[in-house]
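A short write-up of the structure that comes next.
The values are calculated or read from the model by the stated rules, or taken from the named source; none is laboratory data. Note that the coordinates shown come from a computational prediction; the quantities given were computed from them, not determined experimentally. Cβ coordinates were reconstructed from backbone atoms using ideal geometry, including for glycine residues, and neighbour counts include every protein chain displayed.
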Amino acid sequence: MKIDPDLKLELLEKAGIYSNRLSIDEPKIVFKTKEVLAMSKQITEGRRTTAYKYYGITYLDHNLVFLNIRKMPDEKTIENTLVHELIHLRFPYLSHGKKFNKLIRQTLKGKRFPPYKKRKQ
Ligand SMILES: [Zn+2]
């Protein structure tokens, strides 16, 4: 889709709403590969020049999300990708799969989650 200011604003609003449901700090969100490349290499290490291939990327340690709007066909896909990336931030230990997809659906439907607590070793 084309990046326009209205769409960006709408997505930032949605990021706020979903971050709240997931009890996470709202991440910084960037929308262009150019913005990814403009960030320091320490932040985007390993997923920099390949960013254009993906719908979305979460840079966990930096609370940063890249949403590749230009690559995605419609708003529904963008919203799904946004929630997908936010789930990575709330459930950093969880990998992709059935449980992960269920959490995406629940979050989209309005379920709320308590803050993530790191388990002490
Ligand atoms: Zn993922």
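Descriptive notes on the structure:
- Of the listed requirements (1) over 12 Å from the mean Cα position of the chain (by Cα); (2) at pLDDT below 95; (3) within 11 Å of the ligand (Cβ to nearest atom), L94 misses just one: (2).
- Some residue of region 50-68 being among the β-branched types (V, I, T), surrounded by fewer than 13 Cβ atoms within 10 Å (Cβ to Cβ) and more than 25 Å from F113 (Cβ to Cβ): yes
- Some residue of region 44-58 being within 18 Å of V83 (Cα to Cα) and among the β-branched types (V, I, T): yes
- Of all positions in region 59-81, none carries a residue that is modelled with pLDDT of 95 or more, farther than 28 Å from M39 by Cα, in a helix (DSSP H, G or I) and among the basic types (K, R).
- Subset of region 29-49 (residues that are of a type in the set (D, E, K, R) and surrounded by fewer than 14 Cβ atoms within 10 Å (Cβ to Cβ)): K34, K41, E45
- Restricting K76, K71, K32 to those that are without any contact (Cβ under 8 Å) to a residue 40 or more places away in the chain, of a type in the set (K, R) and farther than 19 Å from E13 by Cα reduces the list to K71.
- Test: Q121 is surrounded by fewer than 19 Cβ atoms within 10 Å (Cβ to Cβ) and at pLDDT below 95: yes
- Residue count for region 11-28, restricted to those that are of a type in the set (D, E) and either touching a residue at least 40 places away in the same chain (Cβ under 8 Å) or exposed (fewer than 13 other Cβ atoms within 10 Å of the Cβ) (or both): 2.
- Every residue from region 2-37 that is away from the ligand (no atom under 16 Å from the Cβ) and part of a strand (DSSP E or B): K28, V30
- Which listed residue, of F66, F100, F113, is within 15 Å of the ligand (Cβ to nearest atom), of a type in the set (A, V, I, L, M, F, W, C) and either under 14 Å from I24 (Cβ atoms) or free of Cβ contacts under 8 Å to residues at least 24 places away in the same chain (or both): F100
- Odd one out for I43 among (1) part of a loop (DSSP other than H, G, I, E, B); (2) modelled with pLDDT under 95: (1)
- For first residues located in region 38-60 and more than 14 Å from the ligand (Cβ to nearest atom), partners that are β-branched (V, I, T) and modelled with pLDDT of 90 or more and lie 6+ apart or on another chain with Cβ distances below 7 Å form the pairs T44/V36; R48/V36; Y52/T33.
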